[in-house]
Every structure is written in C-alpha cells, then in structure tokens.
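Below is one structure, written out as structure tokens, with a few remarks after it.
Rule-based calculations on the coordinates, nothing more; no lab input. A quick note: this is a predicted structure, and the numbers were derived from the prediction, not measured. Note that each Cβ is placed from the backbone with ideal geometry, even for glycine, and that neighbours are counted across all protein chains shown.
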Amino acid sequence: MVGLFLFLEVEGSVTWLRLFAVSLPGFVLAVWNMGRSQDLRRSTIIAVCVVLGGIAAYQVVSKHVVSSTHAELPGGRFATTPQNYEELRILAAHAHPGEFFLQAGWPGDYIPLQVRNPLYVPTLGRWDGVSDQDIVLSVREMRSKRVPYVLWKRDMDEGCSSIDCNDSLSPFRTYLHSSYTPVETFQDGDVLWQKLDD
C-alpha cells in the first residue's frame, strides 16, 4: 500500500527523478516476496544473490577504487571520476555557493557545488514529461532570477542539427541561444553557458 500511494503521488507528472525517489518500497517488497515464494528453489535464490553481489562488488571496485579522484568542493569532500572531477572543478570556478545555476538534464551538480535550481521543476529534460506551459514558466523564471550560468547536457540536443530542433524544449533552447554565450565545452560534449550582459 505504501508503494502504491507513493507511486500515485508522483503519477501526475512522472519523471525519472521522482520515480527513483519512490521506488525503494517496491524493491523491498519484491525481495520479501521472493523469500516467501514456494515456487522458487533455494538454488535460484542463491544464484540471484551471488550475481547481484558480483555486480555490486564490480560497481564498488570500478567506480570508487580504481578510477576515482578525491577532492573538496563547497558541498564537502567527495570521490568521482577524473573526467567528472575536471568538469566540477571548472564549474566551481564559475558558479558560487548559494547562487542560481541551472543544470539541464540530470541535477547531479547542485549538491557538490552548493548551488540552487532556479526552476520549480526538478529537472529540465526532453524525456521528463515537461509540458509546454512548464517551459514557458521556466523561461520566465530564468529571466526574473537572472541565472548567471547554465550547464546544457549534450543529450538535450540529440537528433538535432541546429537550435531549430522541433521538440518541447525549443522555446527554452531559443532563449538560451539568445541570452547566453558558451564559455566552456567539456570532453563529454556538455556546454557551460554564461548570461550575456543586458
């Protein structure tokens, strides 16, 4: 019941971020039901646990031990990949703690940089179910808050040949190109845009 009500709470505008936040009860119940099931053999359960344990060990070793860089940012001490560290280091040189900063796409840099999302929507992406009205309000919020920097993720323009991309983000993309200038392009194709002086 808890999982159902959590899903119904976000069902009106489901995004990956909201679904991720309410999915834990579903996983707990799935594991609990597997343990109670008479149809599953003990060997199947053991095999699933061994595979999941192997995947977990691989993730820990590959992400946190082998290819990690440790550093200090306004959000505290952290470990990340060398490529992501370089991007965060450059972003920290531009964005200051407490100010508005928009990371279009997945909002993974807000906490390490201690910056604030200027929009009322948690994420601004092509596949987040953002309506045309949300885009219009987002542009209005960007203008009123005079957001100094925008990190535009490369996958926001996938399949587009120019700013004339015909998708739900077209009005925001037009605003970005008319009010901001690119100041840094990262190795992964993400672009940091700086607000033009009015």
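With each label modelled as a point 7 angstrom along the Cα→C-beta vector, the residue 143-residue 90 pair spans 3.0 nm. When 45, 135, 55 are sorted by how many other C-beta atoms sit within 10 angstrom of their C-beta, beginning with the fewest, the order is 55, 45, 135. Per residue, the average separation of C-alpha pairs within less than 8 Å and at least 6 apart gives the chain a relative contact order of 15 percent. The sum of -39500 (n - 2.57) across all DSSP H runs of n ≥ 4, divided by the residue count of the chain, sets its helix-only mean residue ellipticity at 222 nm to -13500 deg cm²/dmol.
Once R0 is set to 25 Å, what does the formula 1/(1 + (r/R0)^6) return for the Cβ-Cβ distance between residue 17 and residue 178, expressed as a FRET efficiency to the nearest 0.05?
0.35
Taking Cβ atoms as reference points and 11 Å as the exclusive limit, the residues near residue 99 contribute a net charge of +3, counting Lys and Arg as +1 and Asp and Glu as -1.
Left without a cysteine partner by the 4.7 Å Cβ rule in the chain: 49. In terms of packing, defined here as the mean over residues of other Cβ atoms within 10 angstrom, the peptides 116-122, 101-107 line up highest first as 101-107, 116-122. Using the Cα gyration tensor of the range 29-159, with a ≥ b ≥ c the square roots of its eigenvalues, what is the shape: rounded (a/c below 1.5), prolate (a/b larger than b/c) or oblate (neither)? Oblate, since a/c reaches 1.5 and b/c is not below a/b.
Within the shell of other residues whose beta carbon sits under 12 angstrom from the beta carbon of residue 175, the net charge comes to +3, with Lys and Arg scored +1 and Asp and Glu -1.
Rounded, prolate or oblate: which fits the range 136-197 when a ≥ b ≥ c are the square roots of the eigenvalues of the alpha-carbon gyration tensor, with rounded for a/c under 1.5 and prolate only if a/b beats b/c? Here the range 136-197 falls in the oblate category. Looking at the square roots a ≥ b ≥ c of the eigenvalues of the Cα gyration tensor of the range 92-198, which shape do they give, rounded for a/c under 1.5, prolate if a/b is larger than b/c, or oblate? Rounded, because the longest to shortest axis ratio a/c is under 1.5.
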